[in-house]
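Scroll down for the structure; my scribbles are underneath it.
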Amino acid sequence: MKTAYNLEARKRPVNLTLNEDLVAQARDITDNLSGVVESLLADYVEQERQRRMSKARTLEATLATWNEFNAKLGSFADDHSTL
């Protein structure tokens, strides 16, 4: 599977604030906590990217439908304007 980020980018330390009990339990399960967190973060980033693209497509479709309606029937405001 192709990744959406550069696997060869350098690694650097970052500060995270995490529940120490959760971290202790995770360390009992894996000896590579950084790798697990990186994998989970990559999944989250991809899911969020997909969600945002889906939302943008939905908004574009809604706008196109509204513009088509407006082109055929005009704006409601044209008949009800108080200006």
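Answer yes or no: is there a residue in the stretch 36-58 that is of a type in the set (Phe, Trp, Tyr) and modelled with pLDDT under 95. Write out each step before concluding.
Going through the stretch 36-58, the residues of a type in the set (Phe, Trp, Tyr) turn out to be 44.
Then keep just the ones that are modelled with pLDDT under 95; that gives none.
No.
Where the second residue is surrounded by 10 or more Cβ atoms within 10 Å (Cβ to Cβ) and at pLDDT 95 or above and the first is charged (D, E, K, R) and lies in the stretch 46-69, which pairs have Cβ atoms under 8 Å and are six or more apart or on separate chains?
Once the first residue is charged (D, E, K, R) and sits in the stretch 46-69, no partner that is surrounded by 10 or more Cβ atoms within 10 Å (Cβ to Cβ) and at pLDDT 95 or above comes close enough.
Of these, LEU40, LEU18, LEU63, LEU59, which one is part of a loop (DSSP other than H, G, I, E, B), surrounded by 10 or more Cβ atoms within 10 Å (Cβ to Cβ) and not aromatic (Phe, Trp, Tyr)? Spell out how you get there, then give the answer.
Numbers: LEU40 fails: part of a loop (DSSP other than H, G, I, E, B); LEU63 fails: part of a loop (DSSP other than H, G, I, E, B); LEU59 fails: part of a loop (DSSP other than H, G, I, E, B).
Answer to the selection: LEU18.
Here is a check on your reading of the model: is ALA77 in a helix (DSSP H, G or I), touching a residue at least 12 places away in the same chain (Cβ under 8 Å) and among the small types (Gly, Ala, Ser)? Give the steps one after another, and end with the answer.
Numbers: in a helix (DSSP H, G or I): yes; touching a residue at least 12 places away in the same chain (Cβ under 8 Å): no; among the small types (Gly, Ala, Ser): yes.
In short, no.
The values are calculated or read from the model by the stated rules, or taken from the named source; none is laboratory data. Computed from a prediction, not measured in an experiment: that's the story for all the values here. Cβ atoms come from the backbone with ideal geometry, glycine included; neighbour counts cover every protein chain shown.
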